[in-house]
Each structure stands twice: as C-alpha cells, then as structure tokens.
Amino acid sequence: MVLTSITRKIGRREWRPWLLILTSNGGLLMNTSSKRLGLSLVLALAVAFPSWAQEAHVGDLTGHAANGKKLYRRYCVGCHGPLGDGNGDNAQWVDPRPRDFVAATFKCRSTPTGTLPTDQDLFNSVSRGFTNSNMPHWDSLPAQNRMDLVAYIKTFSPRWQSEKPGDPIKIPPEPAVTAQSITHGGELFQKMECWKCHGQQGRGDGPSAATLTDSKDQPIRPYNFADGKDDSRFKCGGTNDDLYRIFMTGVDGTPMPSFADVIQPNDAWDLVHFLRTLQVRRHSKENDVAKGAGIKAPAPPSDKEKPSGSGN
C-alpha cells in the first residue's frame, strides 16, 4: 500500500485537504475535506495512472479484476488468503502449500524461466488445476469467470506493473519415436543426472530426493514417472508437448531447472521419449517401440517401493 499526500501551499501554511491511498490492488481511497476538489483530482489521476493489471486477455475473452475479486473471495481465499500470499485459513493443512501470488513465481508457464506467465498460461492453470495437489480444476466455471479470476490474481504482485510476460517458447514438431531416440534419451537421463532426483527407474526416489525444498523452503518430492497410468498427467499438462515445455521452461519455485541453454530441441525430444518408457503402467507408442526393440523397461514398483505421492 502506498500513501501519497497532496500538499498545496497557501501563504506560509501547508494545506493537506486530502490523502490518497493507492492500494496494491490498484484501488483508490480518499480522505478529503472538499469532495468537489477531490473528485477533480480523482479524475485527473484516472488519466495519469492507468489501471495496471486490471484486465486479462485470451482470444476474444477479457477478464476484469473487479469481477474476479468476488469470485476469488468465494472460491480461492480459503487457501490463497485475502492478500494472495498463500496464507489462507486452510493453508496449514495443504501440501504442497498454496501458490503465493505476491511473489508471482509460477510453476507452469510457456515462457522462459524467471519470467511472468502469459494470461493464457494462468487461464490454463485455473482451468486444469494441479495434479498431486489440493488445487482442483475449475473448468466447471464459465470461461468468463476464469478470465476474471486471472485478472484479479495479477493485482497481487507489483511485478505485473514493471514487467511484461515472457515470450512463449517455440515447440518444434515432435520427431518420430524410434529405438535410437529412446536410447539416446536414456543416455541424456544419465549424463544430465536426472536420476539424482527422479531415481534410476523414475520413481522419484533418487539420492537427492529427500533433501529437496522449494523456494519457500518447503519439502518437495520429485515426479514419480513409474506411477503413471493411461489417465495420469504431469503437473503442467499431460502431452509430450507439455513435457518438452517443462524441460525448456523449468518449473520455477522448485529445484527443476530449465534446460533451454543445455540441450538442443532434438535432445529434448529424445528425453521425452525415454521418460515415457519409465511410465511402465502406461500404454504408449514409446513403450511399444521399446518393447519391439528389446529395450529393457524398468520393473513396475511394488507398493513397498512407491514413494508417497507422485511428486510435485
């Protein structure tokens, strides 16, 4: 919240007829001894200070923060809190913790690591929800309601005043799944030391797994690929394109980095194909190719071997 005093000199005295309170949500409160003068000032400020981050845009939809605020108080405040800092009344029982919108660090983005997500990214997150968490999918709400929520979420952080969302990364066409691509992906899995977190068989039980924390110093589990079935998905989507995007953007706020500066697009696709073979319970083209080529798949984990949960 920013307090701004408007001072006017009258002779030797200073006259402070009003105090403007610019809230973090872009709101304007006025304490004035002259409402007519105050109204003129408000109108002037409406031109000087455009309402930052009060709208969100996806296609033909425009979201409005004023409408989103009502929806937020109804559906979101219990976990994310009235200030959007992830400290709602229910947050103490939620694992992983609710997103802190003030920090504006978002896991699922189409934009490079460290940058703000697009409105489309936020809309997708609200609509899809997050698997292995308490964040449900809100696609039962009308699209307009979800857009209004996106607009309101953007009012919590000052980052939206000074920064623009990053440019979405480009995803090249996926090459054919071959035994060679799967084998090379397995080699990259070793070379890039993915196994240190995800484990040699993708069970989320690597030697570093127990030590991992997120940007809030909360314990966080690596994704358990081996537990994946036909209807399972990753936190940020369920397609091969989504998995490629995760490699290249990283999952901000977690130990999962971006590999955009480390591997080439074809290498990333090879890694996608290999990781699919770690999902031994899933019917996929990658598993069919691996089986046909005699590539040995990891054994399905027993109940005793499964880490708790599928990872964050």
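In whole angstrom, how far apart do the alpha carbon centroids of the range 228-247 and the range 107-159 sit?
If we compute the Cα centre of each part, the gap is 17 Å.
Name the residue farthest towards the positive end of the dipole of the range 72-196 from the options PHE189, HIS80, PRO96, assuming +1 on Cβ of Lys and Arg, -1 on Cβ of Asp and Glu, about the Cα centre.
HIS80
For the range 55-162, what does the alpha-carbon gyration tensor say about shape, rounded, prolate or oblate, given a ≥ b ≥ c as the root eigenvalues, a/c under 1.5 as rounded, and a/b over b/c as prolate?
Values: a/c = 1.33, a/b = 1.19, b/c = 1.12.
Judged from the Cα gyration tensor, the range 55-162 comes out rounded (a/c under 1.5).
With only Lys, Arg, Asp and Glu charged, each at its Cβ (+1 for the first two, -1 for the last two), find how big the charge dipole of the range 179-292 is about the Cα centre; round to the nearest 20 debye.
On the way: 14 positive and 16 negative charges, 68 e Å.
Around 320 debye, computed over the range 179-292.
Which order do peptides 164-173, 177-186, 265-274 fall in by mean Cβ count within 10 Å, highest first?
Values: 164-173: 13.2, 177-186: 18.2, 265-274: 22.3.
Put in order of decreasing packing, that is 265-274, 177-186, 164-173.
Each residue of the range 240-257 in order: what ³J(HN,Hα) in whole Hz does its phi give by Karplus 6.51 cos²θ - 1.76 cosθ + 1.60, θ = phi - 60°, with x for Gly and Pro?
Rounded to whole hertz, the list is 5, 4, 4, 5, 4, 4, 4, 4, 7, 9, x, 10, 4, x, 10, x, 6, x.
Non-local amide H neighbours of THR178 (under 5 Å, H modeled in plane, Pro and chain starts lacking H): which ones?
Those lying under 5 Å, H to H, from THR178: there are none.
Which entries in LYS191/LYS216; LYS196/LYS216; LYS235/LYS291; LYS69/LYS170 show an alpha-carbon gap greater than 23 Å? Don't jump to the answer; show the numbers that get you there.
Values: LYS191/LYS216 29 Å; LYS196/LYS216 21 Å; LYS235/LYS291 27 Å; LYS69/LYS170 33 Å.
Those over the limit are LYS191/LYS216; LYS235/LYS291; LYS69/LYS170.
Near the amide H of LEU116, under 5 Å away, which other amide H atoms are found, from residues 5 or more places off or on another chain, if H is placed in the peptide plane?
Amide H neighbours of LEU116: GLY166.
Throughout, read-outs are computed from the coordinates displayed, never taken from laboratory work. Treat the numbers as computed from the prediction; the structure is a model and nothing was measured. Quick reminder, even Gly has a Cβ in these numbers, built from the backbone with ideal geometry, and neighbours come from all protein chains shown.
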